[in-house]
Amino acid sequence: MNKIIACIDGSNYATSVCDHAAWAARRLDVPVEIVHALGRRETSSRPFDLSGSLELGGREALLAELAEFDAQKAKLANRRGRLILEQAAARVKADGVLQVTERLRNGEVTEAIKEIEPEARLVVIGKRGEAADMAKGHLGSNLERVVRSMTKPLLVASRAFQPIERFLVAFDGGRSSPMIVERLLASPLLKDVACHLFMVGDGSGEPGQRLHAAREQLAAAGYKVTVGVESGDPETVIAEKVRRDGIGLLVMGAYGHSRIRNLIVGSTTTALIQACTVPVLVIR
């Protein structure tokens, strides 16, 4: 549980994932393991059944050619993966992390993360992968599946790393909200970074009490904390707050009692991560 897992592919986000992983590793004083998963699309060229399309001799010849092609394709994908990992490791080391390992794995990234997650203190993944690299209106096809399956904190890297001088906690006031505070108190990741606790909704009653209790706990631990409350649609208000106030990182919990409950498990997650150009730290 004492390593950063950085999941990369050949997309433009790979550099950012490396930089975010190195930033977290330096602050937590832990090593980084870089993981590249070779998806099935990269290793197979036979997605359909040819059995009824050709005469026996022609079918056998074609299947033999495809098998040979698949073998060559798999070798090239493996070599490409090794090169991607080598370049990523060099990037992380250049960012000041000395303990860096590499892992090339067959299968989809969701499967790789599920297998490796028990070893992780934090998992870092890009907002988009190769299939959606330049598509600003789309997220990576694996991202929501990864978020749904995670039990460890997940850092969704933005397109380019920027120094994080202020972070915003999307605090919904529900009974699970204190879990975010507990994670922040237990980790040095954001200790000297200015914190803004932000709640969308009614800041009175029990939710408001939890908000101010969280502020007192964080302040007592040495955080520089401010508090804000606004009404409106959570994903719209939070995204605008992040943009308007120059927030460098959005911190969100996986569960809550209000509409923010759907920020991680549901379409609202996609909308908010799409809308924010900063990295998002998901705490379960």
Candidate aspartates and glutamates - alpha carbon under 14 Å from residue 75, same-chain residues fewer than 8 apart omitted
42
Per-residue ³J(HN,Hα) for region 6-11, Karplus 6.51 cos²θ - 1.76 cosθ + 1.60, θ = phi - 60°, Hz, x for Gly and Pro:
10, 9, 10, 9, x, 7
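How much FRET efficiency would the formula 1/(1 + (r/R0)^6) give for residue 12 and residue 101, where r is the Cβ-Cβ distance and R0 is 22 Å, rounded to 0.05? Mind dumping the intermediate values first?
Values: r = 24 Å, r/R0 = 1.07.
Here the calculated transfer efficiency is 0.40.
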Near residue 224, which aspartates and glutamates are there with a Cα under 13 Å away, not counting those fewer than 8 places off in the same chain?
165, 192, 216
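Assuming 0.36 nm per residue, please report the length gained on full extension of the stretch residue 75 to residue 149 beyond their Cα-Cα distance.
23.6 nm
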Dipole-positive endmost among 188, 162, 151 within region 146-193 (Cβ charges, Cα centre):
151
Mind checking which aspartates and glutamates have their Cα closer than 17 Å to the Cα of residue 3? Skip sequence neighbours fewer than 8 apart in that chain.
19, 29, 33, 95, 102, 115, 117, 119
Would you mind putting 5-17, 65-77 in packing order, based on average other-beta-carbon counts within 10 Å, highest first?
5-17, 65-77
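On a full-extension model of 0.36 nm per residue, what is the gain between residue 274 and residue 160, subtracting their alpha-carbon distance, rounded to one decimal in nm?
Values: separation 114, 0.36 × 114 = 41.04 nm, distance 1.46 nm.
Answer, rounded to one decimal: 39.6 nm.
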Rounded FRET efficiency, nearest 0.05, which uses the C-beta distance separating residue 119 from residue 64 and R0 of 35 Å:
0.30
Take peptides 94-103, 198-207 and line them up by average Cβ neighbours within 10 Å, highest first, as a rough protection proxy.
198-207, 94-103
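So how do 217-225, 276-284 stack up, highest first, on mean other-Cβ count within 10 Å? Intermediate values should be presented prior to the final figure.
Values: 217-225: 14.7, 276-284: 21.4.
Listed from highest to lowest mean packing, they are 276-284, 217-225.
Considering only protein heavy atoms and a 1.4 Å probe, what is the carbon-and-sulfur percentage of the accessible area of region 149-224? All intermediate terms of the calculation are to be shown ahead of the outcome.
Working: 1760 of 3370 Å².
That fraction is 52 percent.
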How far apart, in nm, are the 7 Å Cα→Cβ label points at residue 243 and residue 217?
3.2
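Could you calculate the contour length gain from residue 204 to residue 26, that is, 0.36 nm times the residue separation minus the distance between their Cα atoms, to one decimal place in nm?
Numbers: separation 178, 0.36 × 178 = 64.08 nm, distance 3.90 nm.
Additional length available on full extension: 60.2 nm.
The values are calculated or read from the model by the stated rules, or taken from the named source; none is laboratory data. All of these numbers come straight from a predicted model, not from anything done at the bench. A quick note on method: Cβ atoms are made from the backbone with ideal geometry, for glycine too, and the neighbour counts reach across all protein chains shown. What goes into the accessible areas is simple: the full protein's heavy atoms, side chains included, and nothing from ligands, DNA or RNA. Shrake-Rupley method; radii C 1.70, N 1.55, O 1.52, S 1.80 Å.
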